[in-house]
Structures are given as C-alpha cells and as structure tokens.
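In what follows, a structure is listed as structure tokens, so that the remarks can point back to it.
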Amino acid sequence: MLQIKNISKKYTTGDFVQTALNNVSLNFRDNEFVAILGPSGSGKTTLLNIVGGLDRYDTGDLIINGISTKKYKDKDWDSYRNHTIGFVFQSYNLIPHQSILSNVELALTISGISKKERKERAKQALTDVGLGEQIHKRPNQLSGGQMQRVAIARALVNNPDILLADEPTGALDSDTSVQVMELLKEVAKDKLVIMVTHNPELANLYANRIVRVKDGHILDDSNPFELNDKKIAPPEHKNMGKSSMSFLTSLALSFNNLKTKKGRTFLTAFAGSIGIIGIALILSLSTGVNQYITDIQKDTMTSYPITIEQKTFDLSSMMNAGEQASKKKVNHKLNAVFSNGTDIMMTSKMATSISENNLTEFKKYLDNKDSEINNYVGENGIVYSYDVPFSVFSYDSDNTLVNTNGSTFSNSNSNTSSIAQMNGSMSVSMNADMSTSMSTDMMTGNINSSPFTEMLSGKNDELVSDVIKDNYKVVYGDWPKAYDEVVLVLDKNNEVSLTTLYYLGLLPSKDYKDILKQINKGEEVNPETSKISYEDICNHNFYLIADSDLYQKNRSDLFKYVGNDNNKVEELLKSGITLKVSGIIRQTSDDSSNIQISGSVGYTKALTNYLINYGNKSDIVKAQKNSPDVNVLNGLHFNPDNDSIKIDDAKTYLSNLSTSDKANMWKSMAMTAYADSPEQIQMLDSMTETQLAAMLDSYLENPKDEEMLSIYDNYIDVGSYDDNMKNFGYVSLGAPSSISIYADTFEDKDSISDCIDKYNKDVKDDKDKITYTDYVALLMSSITTIINVITYVLIAFVAVSLIVSSIMIGIITYISVLERTKEIGILRAIGASKKNISQVFNAETFIIGLFSGIIGIGITCLLLLPINAIIHAVTDSTNVNAFLPVQSGIILIVLSVILTLIGGFIPAKKAAKKDPVAALRSE
C-alpha cells in the first residue's frame, strides 16, 4: 500500500518559483492500474518521479507499506528504487552497449543477486514478455515495441511492489501500444501500476482508476482509496534493502561502452601511453646506465677495497696538507727570493702520520655480527690477509733448481743481482694492484718479486670468488679444487713476463743469466718471443717449503737456518708440498682496474690456511713457545734481567759459533782494538780461520766480565720473540697483517668509512684507532654527485610527463561523462548510488589506464631494439644495454592506472552528482 500525504514540491530557477505539486494526498491499493492524466506542466510527471524516488518532495510524506520516507537519505532512496520501484519510460532508456539480457540483469546485479540466479531470472523475465529468443541482441537490433517489452522485463525482474510507467506508448504505433497496455494490465493484477499518459482513450480502456491533475492539484479521482488513519499503525523509518554495484559490474559496463568506440578508445589509450613510453624509455636507459655503473662500482670496489695495513700512514692528510699549502695566500712582495716550505711540511706530515694499527681489536669489531659495518659489506665480504712466509722452488728444463722469488739470479754476482732485482720488481708491478700495496711499498721501499699471490676467495667456502671468475677465463684445465693447486695467470694477449717465466723455471735459467751478463756489459737485448704449450705448463710442478722447515735442530738443541744450503734445501723439497698447475687463466677485461690477481701464479686461501696450521704446529714454533724468554736460534735471553745473564749469554753465544763465525768475530774484535796499528791488522789478515778461531777460544778461557758485556752490547744481536715467531711462520688468526673490506657501491663504501670513524670515536685508547687511506674517495669523489644530479633531472622530467597525462585523462573522462549522461540516469533509476556512478567512470579510467600502460610498455620494448643498436654503434661497445626490468614495467602499468584514476576522479565525482531526472531527459 502506497500513501502520498500532503506532498508539496517547488522548483526554483533564479527568482522564479514554480509549484509543481501543492499539498497532494493520494492512497493506492497494492494491485490496481492507475492512470494519471493532465496537461503538460500539471505536475503528473513530478508526482511519478517523487513516487519513484528520483525526485524529492519538499513537505509531506511518502509511505510505502507502513514505512515512512520522510527521513530517507540518498542511500535509502537508492535501495527504495532498487527493491520497490520498477520504471518503464517512453524512450525505453536501455543501455545501448549492453545486450538486452545484461540490461535486464542490471537491477538484480545492484541488488547483490548471484550471477547464476540473476541470469536465470532475467531470462525468465524476457520469456514472460515474449523475448526469450532475443536475449543476446543489442537494443538497436530490436523494434520499438520489443525495446519497451525489454524495459518492462527490466522493471519487473526484481519483483518490485510498484511499476511506474511514464508515457509507455508515446513512441509506439497503435498495434504495439495495445500489446504494451495488455501487458501492463496483466501486471496490475498482482502489483500497483501507475501510468502517466496523455492518451485518455487508452487510460479509459485499460486503467481501473483515473486520477486527473492540474496545476499541482488533484482534480478528480475515479476510484479513490479512503483509509481510516486511526486504524493504521503510525509509519516507521526503515530501509527497504541493500543496493550496491560490484567493481566487476562497473568494469563490464565500461568495457562494453569502450568496445563500441574502439577507434577512439585506442587513440585515447595510445595518447595516454605516450607519457608512459617516455618514462619507460628514460627508465630503461637509466637502468642500463645504472647497471653499467653498478658493474663498474663492483669492479672498482673489488679492485679498490678499503684496505687497512698493520703499518700505514694517512695519505689523505698529506694530500689535504698539499692542497691547503697550494691555496695559501702569499703574504710577501714579489721583490726577492722567498722559501716555500710545502715539501718540508708534507715530509713532516708523512713522518708523523706513520702509525701501527691494532688489527686484533678491529677484527673483533668486524667479527661481531651486530656491528653496523656488516650492513654495508659487499658480496666479497671482509678478507683477512696474513703474512705466511714460504719459499717455492722449481726445476728448469736443465734440472737446475730455481727459487721462484728470483734469489737464484740475485745471488749470482753483485752486478747482475741488482739488474735481476729490478727486472723482478718490474715484472711483478706490471700485474700488481697498486692501490692495495701502495702504502706498503712506500713504507718498505720494496715490491715483492715473488710471482705467487693469493686469489680472492668466494662465499660459502668457495676457493675462488665469482669476481675472479668474471674477470678471468679458463683457457686450459680448471680452477683449483685443493690447497696444493695453482693457476698460471695470462694477460689479455696470452702473455707472461719473460722474467717471470725464468723465475718459475719454465725457461732455462742459464739463458736468463746470459741475458743479465749482456745487460751488465751494456749490450742491447731484444729477446725472441718464447712459446710454451699449455700441456707443458700444467705438467710442470713447483715445490713449496714452509719457512718453519728451513730451521733444523743441531746437537746443542738449538735451531739453525739452512735456507742458504742448497743441498739441505733439495732434501727438504722431497718432503715439501708439490704444487700442481690445475689450469691456465686469461684476463678478459681490457680495463687494468679490473685486474684482481697481482701475480703470475694464483693460489687459494686453502693453501694459506694449510701453511698457517702447518707452521703453528711446527717443531721450532713449539720450541719457541715453550721457551718464550730464550731465543731457540742462539740460546740467548730476549730480555736479560741483569749483567750476569748477559755475560753468560755472551759466552754461550761465542762458544756455539762455527769455526768460520768465530774467526770473523775475533777478527772484527781485533780490528776494532788494533785500529791504530797497521802491523797488527796486517798480521790478522795473514792468519787462517782456524788460527783466528783458536785465538777466540783461548780468550774465552778466562774473559773479563766488562769485556764480555762490551761484546754482548756491540757484537751480539739477541733478536726478539715476535720476530722469531714471524720468521718461523707462526700466524695468529686474531692478528691479520691487513684487512680488506669490500663494498659493492660507492654509497656502501662511504658508509663503511663512516662506521670506521665511529669505531675510532668509541675506542678508549688512541693506539687502537684505525688509520687508513680511502683511495676510492680520492679518485672518485665526484661520481656520487653526478649520479644524483642525473637522477634529479630524470625525476623532474618524469613529473612533467605525469602531470600532462593526468590532465589529458581528466579531459577524456569528462567527455565520456557527457556522452553517458543518460546511462547515469538509467542506473540511478534502477537503484545505483552516487558511489556506484563514480565507480562506473573510475572503472572506465581504470581500463584506459591499463590499456595505456600495456601499450606503453609494449611499444617501449619494441623501441629498445633499435635504441640499443644505436647505443652499441655510437659507443662501439655492448657494455651499456637499455632495458626495462619486469618489475619496473609492472610498476609503470600500475602507475598508469593510478594516474588515470586520479585524472578521472573529478569527472567521476561530477557524474555522481548529476540529477537522475535531468540525466534521463538528456540525449
């Protein structure tokens, strides 16, 4: 039962106020066919719209089945229209881009009915109006009468209480009008049908009640329905159900609409994709360049780690001092010669900056997993280096024993020795990583001429790091798999220094000695290129002797160094470590900064660990540990407490000397004593070693204490415990000789430097502070700034593109709102809320944004093919490759969707605010 109680409605246009309904009251039965007649402007359509919830009354109340609508809000009216009212319009108001089945389903969809049920009910409703065979057709494929029957089916599918028909036959011919009226008459048997019409004949023929309206008043009611208000319960406020439209429905509506405008949709999506294409291309190029920079950074960081030596000096402070000195203002006139003390100042700065790092304490800090510095360490980690002394020997093709450190040639004669040392240093420095050894070289004045060097180890106990494998290619054999395997390192031209080949015994040593003699004579030498097969090199063995084995115990339980005795050395070779060449590797990069192996023969950390373990368990190390106060080489006390011990140590030392050593000692003592007596010195020169040794023995039979103390102080080198342990090959794993900290990026390297600075601030003792030189910071200080500037420029460019895209999408969406205004009215009439209307247009912008993103990414991928070809041609290199990461592509598609949603937000809100009555009247 529907009650209209004292309803009034006015329309205001500027200063003009028009009364559409004036205190109208009507009661309607649950099932009757009511026809409302009246001239244009009489208020009949306004009355119909108010009953249908499309328009709002100013005063009064609309009561349906005892439920008052006086306090209804927008969402209540939406539910009311969806569940209670069915509309049949003169112009049918079907959505043209949807099938007739979808048109009928819409009301059920908004009601939240399941897909299966709403499809069945929609089909049945169409069957009931005689269109069961036409369900897949579009409205434009039907006649006027068929479209009106679809509208009736849509109005009835949700089983509403009231069916409202606004001029349902106004656009139909007579025969079709009769069919529609018969259908409405049949509906009126079970429901309330209210029809507005200008045709009194049809009204009189089919309606069982006629209400005449004029100037907003009820003039006549042919079959009024009087109610006794006292017997009716007072109306209550209550919602009549829920109505909502799923986002999938909104997508379907928008997608079908866009399909009807395929050309424009594609052009719109393509236009929107231009910004995405620009961003994607910039991002692709930026990603390629950044990847190239990242690779360079990793290579650079691997070649230039932060290396902290046991003894070092602050090169940065020296350079800063020099820079400050160069900027110093001149405070004197240019009228005389003035001194510049910069060189003295820098020398002083260098001398005072020499320091010894406490690497033991610093290693504890690094090994602590909670230390902040571990957050920035690269994939190569932290490498602890230890000075493990060992000697490697080889037999050349003439079976001549050769020491691979070049001492075989250095000991030949004084002239050729210096030349051999110079050649050896040059051959090693050609391959050396100068950054990591710079401070050591400057401190010691030497470059180790041994061609053997430890290779960087990898993660998870891998013997060789991936960085090494990336920069070197195995040309024969394989990488080392055991501690006793090594590789020969070739440069990019498959070459090794000729001097190194002689040092390694791969070429006859006599040939090298001949070359040295020629050079010594001042002759120019132009050696021929030698060729050695891979097989011959891999069949060549090297023999390693740990330095602890070069000391042997004598009869007096002291140890003697036998490294200068070739016979003893050859005996030791039999029990030493045989090093096998497992493979030959070649440098793959032309960039010298990528050289990771400084020598010509690379061994693994496994060999270092083996030698540390071997040396720490050796007899001489154990003996020295058991006797920490006495030197096991000479029996002397390291730190004697009194003169008595010094005297006894001097006697012990002299008595244990060999005949030759005794002769030299006595001669040295006598030469000092007889410095003013040429006759005595001449006599000493004429004596044999045996005679000189006998004289020392005779002297020791009754020496004076003062003389023994003098001999102790002037002629005896006691040595030190630490020096002995180092020479014997003892290594404490807690006290590395150097620490190399690897980073993957400049930013991480800077963070590591900051962590070291924090460490220095936290240590209590200044002696524990770490001093090092950051060579990368000195060489590459401006790289980060350049990268940041480029990044900011790209971000600014992208921001402009995003703004332009958003504005364009907003315009396109606004045009779509104008085109779909009638659809907005239809959706509101069947119960869609303002939020649902916004959702429909948001769905459209979502689809356009998705298409734009996909088109943009697709075109970008195609454009990258010629772009990369151009980059490779211009740079003459394939190192830089523009590419769009999959993740970035997905992000750009999502970004495109978000941008279109933002751009379409205001037009979508505008669409939601449209008056449904006005929207239905639009064309």
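Here, each number is a calculation from the coordinates, and none is a lab measurement. Note that the structure is a prediction, hence the values are computed from the model and not measured. A quick note on method: Cβ atoms are made from the backbone with ideal geometry, for glycine too, and the neighbour counts reach across all protein chains shown.
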(request) Normalising by the residue count of the range 60-184, find the relative contact order in percent from Cα pairs under 8 Å and 6+ residues apart. (result) 35 percent
(message) Can you tell me how the range 151-262 classifies by the Cα gyration tensor, rounded, prolate or oblate, using a/c under 1.5 as the rounded cut?
(response) oblate
(request) With a ≥ b ≥ c taken as the square roots of the eigenvalues of the C-alpha gyration tensor of the range 127-179, please select rounded if a/c is under 1.5 and otherwise prolate if a/b is larger than b/c or oblate if it is not? (result) oblate
(request) Using only the Cα atoms of the range 2-242, build the gyration tensor, take square roots of its eigenvalues as a ≥ b ≥ c, and label the shape rounded, prolate or oblate: rounded if a/c is under 1.5, else prolate if a/b is larger than b/c, else oblate. (result) prolate
(request) Place +1 on the Cβ of every Lys and Arg and -1 on the Cβ of every Asp and Glu in the chain, take the dipole about the Cα centre, and give the residue among MET181, PRO389, ILE812 whose Cα lies farthest towards its positive end. (result) MET181
(message) Once R0 is set to 22 Å, what does the formula 1/(1 + (r/R0)^6) return for the Cβ-Cβ distance between ASP221 and THR59, expressed as a FRET efficiency to the nearest 0.05?
(response) 0.55
(message) Tell me which of ALA280, LEU106, MET240 sits at the most positive position along the dipole axis of the chain, charges placed on C-beta atoms (Lys, Arg +1; Asp, Glu -1).
(response) MET240
(message) With n ≥ 4 as the cut-off for DSSP H runs, can you work out [θ] at 222 nm for the chain, using -39500 (n - 2.57) per run divided by the number of residues, rounded to the nearest 500?
(response) -16000 deg cm²/dmol
(message) How far apart, in nanometres, would the label points at VAL917 and VAL525 be if each is projected 7 angstrom from Cα along the Cα-to-Cβ direction?
(response) 11.2 nm
(request) Can you find, among MET671, ALA918, SER533, the residue farthest towards the positive end of the dipole of the chain? Put +1 on the C-beta of Lys and Arg, -1 on that of Asp and Glu. (result) ALA918
(request) Take the alpha carbon atoms of the range 622-636, find their center, do the same for the range 722-767, and report the distance between the two centers in whole angstrom. (result) 30 Å
(message) Expected output is a single nm value to one decimal: the length gained when fully extending between TYR292 and GLN552, i.e. 0.36 nm times separation in residues minus the C-alpha distance. What is it?
(response) 88.0 nm
(request) Take the alpha carbon atoms of the range 146-211, find their center, do the same for the range 898-923, and report the distance between the two centers in whole angstrom. (result) 31 Å
(request) Give me the lysines in straight-line cross-link reach of LYS44: C-alpha distance below 16 Å, same-chain residues under 8 apart excluded. (result) LYS5, LYS9, LYS10, LYS214
(request) On a 0 to 90° scale, report how tilted helix 643-655 is relative to the longest principal axis of the chain, with both axes built from alpha carbons and the result rounded to the nearest 10. (result) 70 degrees
(request) Please work out the Cα center distance from the range 514-541 to the range 72-115, rounded to the nearest Å. (result) 97 Å
(request) Could you name the lysines whose alpha carbon sits less than 18 Å from that of LYS913, not counting residues in the same chain fewer than 8 places away? (result) LYS73, LYS75, LYS822, LYS834, LYS835
(request) Please work out how much length the chain gains when fully extended from ASP754 to THR13, using 0.36 nm per residue of separation minus the C-alpha to C-alpha distance, in nm with one decimal. (result) 259.5 nm
(message) Can you give me the distance in nm between label points at LYS230 and LYS622, each placed 7 Å from the Cα along the Cα-to-Cβ direction?
(response) 12.5 nm
(message) Taking R0 as 56 Å, what FRET efficiency do you get between LEU248 and VAL178 from their Cβ-Cβ distance, rounded to the nearest 0.05?
(response) 0.85
(message) If R₀ is 35 angstrom, what is the calculated FRET efficiency for the pair LYS214 and LYS910, using the beta carbon separation as r and rounding to 0.05?
(response) 0.40
(request) For the chain, just the Cα set please: Rg and Dmax, both in angstrom. (result) 50.4, 165
(request) Working from Cα positions, state the angle (0 to 90°, nearest 10) between the long axis of helix 74-84 and the longest principal axis of the chain. (result) 60 degrees
(message) Quick check: residue separation of PHE883 and LEU865 times 0.36 nm, minus the Cα distance between them. What number comes out in nm?
(response) 5.5 nm
(request) Under a cut-off of 21 Å between alpha-carbon atoms, report the lysines in cross-link reach of LYS651, not counting same-chain residues fewer than 8 places apart. (result) LYS553, LYS560, LYS662, LYS667, LYS704
(request) Only Lys, Arg, Asp and Glu count, each charged at its Cβ (+1, +1, -1, -1), so figure out the dipole size of the chain about its Cα centre, rounded to 20 debye. (result) 7680 debye
(message) Under the rule of at least 5 residues apart or a separate chain, name every residue whose amide H is placed under 5 Å from the amide H of TYR483.
(response) none
(request) Let me have the relative contact order for the chain, percent, based on Cα pairs under 8 Å that are six or more residues apart. (result) 18 percent
(request) Place the peptides 756-766, 533-543 in order of packing, highest mean first, counting for every residue the other Cβ atoms within 10 Å and averaging per peptide. (result) 533-543, 756-766
(request) Over 30 Å between C-alpha atoms is what I'm after, so list which of LYS115/LYS262; LYS625/LYS758; LYS580/LYS726; LYS459/LYS749 land there. (result) LYS625/LYS758
